[in-house]
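Read through the structure below, which is laid out as structure tokens, and then see the notes.
The values are calculated or read from the model by the stated rules, or taken from the named source; none is laboratory data. Please read these numbers as outputs of a predicted model, since none were measured by experiment. Note: ideal-geometry Cβ built from the backbone for every residue, glycine included; neighbour counts use all protein chains shown.
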Amino acid sequence: MKRFLPPGPESVVSIGVLAVFGLAILFPFTLTHSDPVTGVAKEHLLAPGWTHWFGTDQLGRDVLTRIVYGARETLPAALLATLTGVVLGAFIGGLAALSAPVVDAALSGIIDVLLSIPELLLALTVVILTGFGPVHAAIAVGISQTAGFARIIRNLVRSLRAMPYIEAARLSGTGFGGMIWWHILPNAFRPVLGLAVLRYSMAILSLATLGFLGYGAPPPTPEWGLMIAEGRDYLATAWWMTTFPGLALLTVAFATNRLSHAMTRTRGDQP
Amino acid sequence: MNTQRPVLDVSHLGISYDGKPAVENISFQTFPGQTMALIGESGSGKSTIAKAIIQLLPPSACVTHGIITLNGISLPDATPRALNAIRGHQIGFIPQDPSSSLDPRLPVGRQIEEVLRLHTSQRRAERRAHVLHLLEHVGFSEPERRFLQYPHELSGGMKQRVLIAIAVALAPPLIIADEPTSALDVTIQGQILDLLDRLREESGSSVLMITHDLAVARDRAHDMIVLRHGQIAEQNTTRNLFENPRSSYTRKLLADSPAFHSRPATPERPVSGTQPAIQVKDLTIAYGSRTAVSHLSFDVQPGTTHGIIGESGSGKTTLLRCLMGLIPPQSGSVHVQGKDIFSETSAERRQRLRSMQLVYQNPWSSLDPRLTIRRIIEEPLRNYFPEGQAWRQARLHDLLERVHLPLALLERYPSEISGGQCQRVALARALAAQPDILVLDEFVSALDVTVQARILELLSELQKELNLTFVFVSHDLAVVRQIADTLSIIRYGKQEEYGDAEQIFREPASPYTQTLLRAIPGQQHSGKAKREGSKEW
Amino acid sequence: MSSFRHVCIQLIRALLILWGAFTVTFFLLQMMPGDAVMVRFMDPELGLSPEQIEAMRVLYSGSSSPVFQYFHTILRMLHGDFGYSVQLGVPVRTLIEAALPVTLRLAVVGFILSLVWTLLIAIGASLLPARPLRQIFQAIPGFWSAIPLYWSGIFIIQVLSFKLRLLPVVGVGPWEGTILPALAVSLPIAAPQAKLLLQQIEETERLPFVMAIRTKGASQRSVFFRHILPNSVTPCLTMAGISFGELIAGAIVTETIFGLNGLGRLTRDAVSGQDVAVLQAVVMIGATGFVAANLVVDLLIPLINPSLRSSAGWKETSGS
């Protein structure tokens, strides 16, 4: 594990932050005791205070509780999205890089076409096709990320293939399969992992965007994007309803971003 | 003792990187019109000293003690603004690698002009005239045309001339030349150093030359400092250093430098009569639309070393890849052990690739950074031999012993071992396939002389023990001379000369070979000291 | 390869990509479950007879074979006819003509702002005297890319409009009304550009020629503006080309928050109402913006980078 997670204050803080969100996903009741869906009507729109740290919403639900339970909505879905993107992208990009020039040109053309459609528009097109809902939204975001992954993985594998040590391995009698298994995969793994972590932070934001636009989970799910959308109607009176879910998104996305930064940085240090 | 005032006075200089001392207790002075050479292998601290003088050390470096004065001005105490006024005006700097030392985005004339713009109040037209004059001065025949050309339109030697023009533009009292010719072909090298000598004599500047090449220093420097691990191993006049070296390290360096020896006498090898290990006949290779190699022919006898010499762009790398069967020829043939390699079955090809191993130039990039040394050497063992784990283990130990590497290295990664050790690992991997022929591409070019000498020794040892045939490709005549029995000299893809190595070195037939041999540095014996009369210490 | 041939090849490539983008979205949207016409007209409140619904269906070309429709749609689009919106019953072209100026204004202002941010961040991260200050500037791109777009928009409304009363959100002219949304949209667009520029600057600073220029006696500022920055912008131009397409996507969120009636609003309604023709048109506009911006960048790069003028290296910069 030490080879992938470099030590240093930046990654320690990032991992710490992500661990708190992980706790919220697995055991939300350890962080809060209220109910995320049903509120206390007479306690609606309370400003942040000792009983409700982040205030309450229009139905008297505790905002902090909803944020804690909201981690469960967005973060695993974003993981699904990124996994979809990485697996499809690695397959297409790897295939393009390792195939004959004709296949490479054809696949690269398809990648170029998909890249030309802005990611959010592509995700929306897929959402129209599959219908609304959290899983559909995750797959849509994953598909919209595929082309980006495929492009980068193709270029990475092609540059690895041109390394002298790959040719040296072939001259040592290593076959095509051995070259991929022993040389290309281990060398591609770390850069791709760093990229996937970065893309994960983007998937979180994209998913919350779909939620905000109303194409993800339906109310009263405590999804962060949806919470911000609901809070928009109380912008002038209840700033906490939009501010805190946004801060939660910002925190987790920034922590992931920094982690990816730390991971790709140490890679560059080696000769 | 010199009676003149020193230009540069360095005393008790110490520099550390991240708290670790890199350079300690360095003291020397340079004088007008004189060349001082700082000599050392990689990691000796010679470039660090140069950067400290011009006050451009990286942030992690720190001058811990000592004084650096230029004409009486203390450089470490100068303000940033004062330093900018000194750099380029009082100190000219000629960088190491001309191909990457010019801004790729600007015409070269503008880049020379920049130093005038920074330090003089000349107007635009005056500056332009000055630049044209400088271009002519450093040997360009059409200065107006050169003024507008971009770096990528010039050859390496021409770029170095431009960089020299920048350095001497304002006739600075001190010129620092950091490995000014190590990236250039040997025939260009001499021209550039001649130019630098001429300019120094004309302007009376003091030159501080940083180099790893004893031969170059011998030709050009009045005084020399030999550095080792950041400390002065020997400080002497050039003549004394070569005729009567005081330190054991200098003696070792002199012994290991290929330029100062001819080939060690070897017993006669089996030559004619047997079937050649490699036979190349009338080989022509096209690379894209242009011909990279044309009508090349040579034979390599088993158990001998064939040297292939060429400067950059001579087509030697293309030739070598064709020899391995990696690219097809346009016409002609390559026979290995009597078989045509371009009409073999895939089983024959596999067998040939086992018996004919290629070893690469760059120590690090030819070893997979994600594999341990054990896995790297085991790769051919697993691929070519069906025997089990115990046999592999025994072979592994045997191979490491052959290339003189400790067993402890097995679990390390390539990034954790030195360049010389990497090349030994690469050799062990090649030998693991039990080859008859090794093709070595610039195999020792990236290594320091002392390491180079050990690897060359290892090669001859292996050749004797295993009766290997070598094809040794290099740009460095002095190195090839050490090892080759027969020789091909190629230029622009054409064979200039082919035959017995000693014969060619003794009586070169082609004019190009003669030029090449004359250009080998280190032949102007005691160089400057003899020609101009040495200043005694 | 002459530069004229290069331009032609790039143009053909751009057209091929547009055609591909059309094909992909067309077949994706054709595979849609549920018939949009049915969804709308089956509504009992309209009281339409089955015959009338069938007539509507033919009108909106909802019944012929997909292959026929594909070529039919391409031909129509080439004539500037994007079909009818099933939801609003008006030509898509009319909707787009009304919405495009709003979004284009937002995109152009946002794009220019993002370039300004990028440059300011690069200058701050490279030239500020104190190291901690430079490090703060270096962290900005990562921070900005973590800000949810709609949230920064809301934040801007809250702070600048409600609290400070600097700029009103409603009841202003088209250009004044663009400033706040453009500000919101410019931050996430600037983030990847600035990140790339900082990386490039870091790489350029390590090149030997920068050290060589310092030895001439040039000051840090002069080296930065004359040599480091010009040598670092090329890949960022490619990135800027990509960003321009993303701006149109970003408009979907920004326009919702700021109540602008542009393409973004149109898209949002189209997705909610499964209005295929409108969505198809918007995707094509997005892709055209992307392809056109990339074409411009591709043709600009050799002007900036002389070593690429000989055209041998053109391909490399358009990648990644």
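Screening residue B:81 against (1) over 25 Å from residue B:161 (Cα atoms); (2) more than 14 Å from every other protein chain (Cβ to nearest Cβ); (3) outside any loop (DSSP other than H, G, I, E, B) leaves a single unmet condition, (2). None of B:348, B:344 is acidic (Asp, Glu), out of contact with any Cys (no Cβ under 9 Å at 6 or more places or on another chain), closer than 24 Å to residue B:284 by Cα and outside any helix (DSSP H, G or I) except B:344.
Each row is one residue, and each column tells you yes or no for (1) modelled with pLDDT of 85 or more; (2) assigned to a helix (DSSP H, G or I); (3) farther than 26 Å from residue B:461 by Cα.
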position	(1), (2), (3)
B:490	yes, no, yes
B:525	no, no, yes
B:531	no, yes, yes
B:534	no, no, yes
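Of the residues A:226, A:210, the single one that is in contact (Cβ under 8 Å) with a residue 40 or more places away in the chain, crowded, with 20+ Cβ neighbours inside 10 Å and over 30 Å from residue A:164 (Cα atoms) is A:210.
Taken over the stretch B:166-187, the criterion of being part of a helix (DSSP H, G or I) and among the aliphatic types (A, V, I, L, M) is satisfied by B:166, B:167, B:168, B:186.
Just the residues that are closer than 22 Å to residue B:199 by Cα and in a loop (DSSP other than H, G, I, E, B), please, taken from the stretch B:3-43. B:4, B:5, B:6, B:7, B:31, B:32, B:33, B:34, listed by residue number.
With respect to the stated conditions, residue A:250 fails to be of a type in the set (A, V, I, L, M), within 30 Å of residue A:46 (Cβ to Cβ), more than 10 Å from every other protein chain (Cβ to nearest Cβ) and within 19 Å of the chain's Cα centre (by Cα).
Would you list the helices (runs of 4 or more DSSP H) that sit entirely within the stretch A:119-172 and hold 2 or more residues that are free of Cβ contacts under 8 Å to residues at least 40 places away in the same chain and farther than 23 Å from residue A:187 by Cβ? Qualifying helices (runs of 4 or more DSSP H): A:119-130.
Quick check: anything in the stretch A:177-189 in contact (Cβ under 8 Å) with a residue 12 or more places away in the chain and within 24 Å of the chain's Cα centre (by Cα)? So far as the stretch A:177-189 goes, yes, one or more of its residues are in contact (Cβ under 8 Å) with a residue 12 or more places away in the chain and within 24 Å of the chain's Cα centre (by Cα). Restricting the stretch B:96-135 to residues that are touching a Lys or Arg at 6+ places or on another chain (Cβ under 8 Å) and among the hydroxyl-bearing types (Ser, Thr, Tyr), the residue that is nearest to the other protein chains (Cβ to nearest Cβ) is B:101.
The residues on offer are A:259, A:195, A:205, A:185, and the sole one that is part of a helix (DSSP H, G or I) and more than 11 Å from every other protein chain (Cβ to nearest Cβ) is A:195.
Would you call residue C:144 away from every other protein chain (no Cβ under 14 Å), touching a residue at least 40 places away in the same chain (Cβ under 8 Å) and in a helix (DSSP H, G or I)? Taking the combined requirement at face value, the residue does not satisfy it.
Looking across the stretch B:44-73 at every residue that is among the hydrophobic types (A, V, I, L, M, F, W, C) and assigned to a helix (DSSP H, G or I), the one that is farthest from residue B:207 (Cα to Cα) is identified as B:52. Taking each residue of the stretch B:380-405 that is farther than 22 Å from residue A:178 by Cα and looking for partners that are at pLDDT 90 or above and aromatic (Phe, Trp, Tyr) with beta-carbon atoms closer than 9 Å, six or more apart or interchain, yields nothing.
Among residues of the stretch B:84-95 being at the interface with chain C (Cβ under 7 Å from one of its Cβ atoms) and either assigned to a loop (DSSP other than H, G, I, E, B) or in contact with an Asp or Glu (Cβ under 8 Å, 6 or more places away or on another chain) (or both), the one that is nearest to residue C:223 (Cα to Cα) is B:88. Somewhere in the stretch B:331-340, is a residue assigned to a loop (DSSP other than H, G, I, E, B) and either among the charged types (D, E, K, R) or more than 14 Å from every other protein chain (Cβ to nearest Cβ) (or both)? Checked the stretch B:331-340: at least one residue is assigned to a loop (DSSP other than H, G, I, E, B) and either among the charged types (D, E, K, R) or more than 14 Å from every other protein chain (Cβ to nearest Cβ) (or both).
When A:129, A:124, A:107 are checked against the criterion of being aliphatic (A, V, I, L, M) and buried (at least 24 other Cβ atoms within 10 Å of the Cβ), a single residue qualifies: A:124.
For residue B:30, state whether it is polar (S, T, N, Q), surrounded by 24 or more Cβ atoms within 10 Å (Cβ to Cβ) and in contact with a helix residue (DSSP H, G or I) (Cβ under 8 Å, 6 or more places away or on another chain). Criteria not met by residue B:30. For the stretch A:34-81, filtering for residues that are surrounded by fewer than 22 Cβ atoms within 10 Å (Cβ to Cβ) and basic (Lys, Arg) leaves 2. Residue B:66 fails exactly one of the following numbered conditions: (1) under 30 Å from the mean Cα position of the chain (by Cα); (2) at positive phi; (3) crowded, with 18+ Cβ neighbours inside 10 Å. What is the number of that condition? Going through (1) under 30 Å from the mean Cα position of the chain (by Cα); (2) at positive phi; (3) crowded, with 18+ Cβ neighbours inside 10 Å one by one, residue B:66 breaks only (1). What pairs come out if I take residues in the stretch B:350-378 that are farther than 14 Å from residue B:411 by Cα and more than 9 Å from chain A (Cβ to nearest Cβ) and pair them with residues that are of a type in the set (Lys, Arg) and outside any loop (DSSP other than H, G, I, E, B) whose C-beta lies under 9 Å away, six or more apart or interchain? That search, which allows pairs on different chains as well, returns B:352/B:339. Scanning the stretch A:208-217 for residues that are modelled with pLDDT of 80 or more and either more than 19 Å from the chain's Cα centre (by Cα) or of a type in the set (Gly, Ala, Ser) (or both) returns A:208, A:211, A:214.
Considering A:156, A:198, A:160, the condition of being aliphatic (A, V, I, L, M) and in contact with a Pro (Cβ under 9 Å, 6 or more places away or on another chain) is satisfied by A:156 alone.
Residue check: is residue A:171 at pLDDT below 90, among the aliphatic types (A, V, I, L, M) and closer than 25 Å to residue A:144 by Cβ? Spelling it out, it is not the case that residue A:171 is at pLDDT below 90, among the aliphatic types (A, V, I, L, M) and closer than 25 Å to residue A:144 by Cβ.
Going by what's in this entry, would residue B:383 be described as within 9 Å of another protein chain (Cβ to nearest Cβ) and part of a loop (DSSP other than H, G, I, E, B)? Let's see the steps before the verdict.
Working: within 9 Å of another protein chain (Cβ to nearest Cβ): yes; part of a loop (DSSP other than H, G, I, E, B): no.
For residue B:383, the condition - within 9 Å of another protein chain (Cβ to nearest Cβ) and part of a loop (DSSP other than H, G, I, E, B) - is not met.
Residues in the stretch B:395-415 that are facing chain A (nearest Cβ under 10 Å), surrounded by fewer than 21 Cβ atoms within 10 Å (Cβ to Cβ) and not in a loop (DSSP other than H, G, I, E, B): B:415 only.
In the stretch C:126-141, which residues are over 19 Å from residue A:260 (Cβ atoms) and assigned to a helix (DSSP H, G or I)?
Narrowing the stretch C:126-141 to residues over 19 Å from residue A:260 (Cβ atoms): C:126-134, C:136-137.
Answer for the stretch C:126-141, where residues must be over 19 Å from residue A:260 (Cβ atoms) and assigned to a helix (DSSP H, G or I): C:126, C:127, C:131, C:132, C:133, C:134, C:136, C:137.
If I ask for residues that are among the polar types (S, T, N, Q) and either surrounded by fewer than 24 Cβ atoms within 10 Å (Cβ to Cβ) or within 27 Å of residue A:258 (Cα to Cα) (or both), which ones from the stretch A:162-207 would you list? A:174, A:187, A:201, A:206, listed by residue number. For residue B:19, the criteria (1) within 14 Å of chain C (Cβ to nearest Cβ); (2) loosely packed, with under 15 Cβ neighbours inside 10 Å hold in every case but one, which is (1).
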